[in-house]
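Presented below is the structure to which this report refers.
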Amino acid sequence: MSSRKPRAVANPLETTTTAPGERILKECHNLYVDSEQGLVKIASSVDVHLLPPRKKIFVMIMGNHSAGKSSFINWYIEEHIQKTGVAIETQGFTFITSGRKRESLTGNATLHLYPHFRPLLEFKGVTDYLSAEVSSSKQKKFSLLTFVDTPGLVDGDMVYPFSVNSAITWLGKQADLVLVFFDPMGQALCKRTLNIVEQLSDAVGDKLHFYLSKADEAGSETDRQRVMMQIVQELCRRPGLNKCGFEMSTIYIPNPQKPSRCVNQIDGMCQTIEKTINQAVQKTLDQLEKDCNLITSTIKDRLAQDRADVGHNRSVRVHSFLCGLLGVLLPALFILSFVVNTFAKEELDALVGEGGARVLSVSTAVFVYLWEWIPEDGQVVVVMAFGAFCYLLMFLSKYFARQGSNTLSKKEKRTLADYSDYIQDVVRLKKVKLYESYLQQCAAEGDF
């Protein structure tokens, strides 16, 4: 076991003032991507593939054309970053995230920023309609999330340049939260929207949240209730969406210059986003524990397998040596028995001494006895069979020699042991401290 102590992962973010959730997510991410002892690197050394956890949650917003998706994003981050209007402004997928400065990214740059979404390349044509908008806004919880603005959905002759249903469904499965906006102005019952919602409900129903957007434009309270009943009835006609506890909240963008008596539950939607962030922090910490267990158990299994391989190699080497020895010794004794038999006892004593002559006589006695016992007409067959047997022994010797397994070097075993100690002494301890700091913001002081 190496005496070298594992190096703790440096965390440059500890000196900055950040929200506890943001700090925890970033520190967990650093534990994975550290260039020297990151969990991703350690896992790859034992053929385990890990992806670093996201530093932010992904909130996908979907709905029919002109449902107010982009308007909500602009309101949330308090910056006009997405185009809004009656026309179909969003024709592709746009990732809106918080960063150091305002920047726009194209498809390839977006996938470099979000490697988790590289499978989108499998959807032909999506890359050309993929972009990212980086904003320096720090409003609300924006620093902890990334919005995914999806194409406005319409029925009829509208042709999309890619498989929009499949792409949205795949993205919805990857997202941490899916907000479905229904426009009360005639497009709420878009079949394309309902079809995608039904597919997502079967796969990730717990992530879906439904909202009647632009509720202040739906007319009177009676008109608003009528619209909501129509939407709910249409949703409940579909088996995958006919569930107990179905809820649809009314939201609209607050406008001080245009007050409305309609109940606005947009703050409740913001609380849903914050709750998802808190759940993501817990899931990240739990996943960190699972990944640590996976790596340490894999290292333990790898070292145990190496010990078994060492024992196996020792066994096959013994078998190979014995077969090779017999393959050489038997024909040598066979030939020697004929040579010894040509000498008289006195001549043999004179050549190798009395003791040597006795050893040779005893060693070759079996072959001499067997040879005399074999009939003359069968001696050729016996010699051929004996030669084949000796050849078989040499073949088995080479066969056993090739059955050895590759084993770890001392350096490799020491490195794996160091990795295991590092995970146990540094990563697990860090995880416990991060969990404590997370719980301290909500639990009573006396609970610790």
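The values are calculated or read from the model by the stated rules, or taken from the named source; none is laboratory data. These figures come from a predicted structure and were not determined experimentally. A quick note on method: Cβ atoms are made from the backbone with ideal geometry, for glycine too, and the neighbour counts reach across all protein chains shown. Quick note on the areas: whole protein, heavy atoms, side chains included, nothing else; ligands and nucleic acids left out. Shrake-Rupley method; radii C 1.70, N 1.55, O 1.52, S 1.80 Å.
Summary of computed values
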| item | result |
| --- | --- |
| Total residues in region 36-64, condition open to solvent by less than 30 Å² (accessible area, probe 1.4 Å) and closer than 30 Å to L194 by Cα | 8 |
| Selected residue [open to solvent by 50 Å² or more (accessible area, probe 1.4 Å) and more than 20 Å from A308 (Cβ to Cβ)] from K431, K398 | K398 |
| Residue list for region 255-281, restricted to those being open to solvent by 70 Å² or more (accessible area, probe 1.4 Å) and under 30 Å from Q424 (Cα atoms) | Q279 |
| Condition met for S405 (outside any helix (DSSP H, G or I), under 42 Å from the mean Cα position of the chain (by Cα) and more than 30 Å from P52 (Cβ to Cβ)) | yes |
| Helices (runs of 4 or more DSSP H) lying entirely in region 32-119 (those with 2 or more residues that are under 22 Å from the mean Cα position of the chain (by Cα)) | 39-45, 107-113 |
| Single unsatisfied condition, K411 versus (1) in contact (Cβ under 8 Å) with a residue 12 or more places away in the chain; (2) charged (D, E, K, R); (3) surrounded by fewer than 17 Cβ atoms within 10 Å (Cβ to Cβ) | (1) |
| Breaking point among (1) in contact with a Cys (Cβ under 6 Å, 6 or more places away or on another chain); (2) outside any helix (DSSP H, G or I), for F343 | (1) |
| So D309, is it under 22 Å from the mean Cα position of the chain (by Cα) and open to solvent by 20 Å² or more (accessible area, probe 1.4 Å) | no |
| Candidate set from region 31-44 (those that are modelled with pLDDT of 85 or more and of a type outside the set (D, E, K, R)); member that is farthest from Q424 (Cα to Cα) | S44 |
| Filtered residues of region 76-123 (kept if among the charged types (D, E, K, R), modelled with pLDDT of 80 or more and open to solvent by 70 Å² or more (accessible area, probe 1.4 Å)) | E78, R100, K101, R102, E103, R118, E122 |
| Unique residue being at pLDDT below 85 and at positive phi when the list is G156, G205 | G156 |
| Candidates V368, V426, filtered to the one that is closer than 30 Å to Q37 by Cβ, surrounded by 12 or more Cβ atoms within 10 Å (Cβ to Cβ) and touching a residue at least 12 places away in the same chain (Cβ under 8 Å) | V426 |
| Selection count where residues are among the acidic types (D, E) and either touching a Gly at 6+ places or on another chain (Cβ under 6 Å) or farther than 22 Å from L144 by Cβ (or both), scope region 247-306 | 3 |
